[in-house]
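Presented below is the structure to which this report refers.
The values are calculated or read from the model by the stated rules, or taken from the named source; none is laboratory data. Bear in mind that the values here come from a model prediction, so they are computed numbers and not experimental data. Neighbour counts run over all protein chains shown; Cβ positions are idealised from the backbone, glycine included.
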């Protein structure tokens, strides 16, 4: 446990920052840690108590940690920033933490999930392929499975169709022109991409 392993460090900081309570904390340290970190013996849905409050700080620290780091990395589709995967991993760790903590609302959890998924999508070979196809615009007229659908259309409803009802065909096109790397987590990335496009549609951006 971090508070027990780091007792001396914590007490040094307490002596400097909270000298008035230093003696009490020193004499009762293990009991205080146990009080803060032991789940209450209750079956109710109550979120009251020091345990849940302390746990929320752990999640908040994770959120703030990745939020501070994301300011210093590039999330552009063509970025090769080696730090990005680690920051994305930290985002999902924070998301996982909030799932089991009652201090966070469904809205807060949903926002964090969307943030992590968006970051992961921007760093994926999937979106790099989408951007590459848009830039190079190879001839796709031979793909009869598209049934005449213009994959280069700026209409968001068309883009949504390409990764829902025509997802199998889009997968074929992407594999052919971008290689196997674009197939990594294809289904998951396609679903996140569609969710992003649907939100843009709902906000009034129709392409």
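When 105, 84 are screened for being outside the structural domain of residue 150 (by TED's automatic domain parsing), touching a helix residue (DSSP H, G or I) at 6+ places or on another chain (Cβ under 9 Å) and within 25 Å of residue 197 (Cα to Cα), only 84 passes. Residues that are at positive phi and surrounded by 12 or more Cβ atoms within 10 Å (Cβ to Cβ) within segment 179-205 comprise just one, 185.
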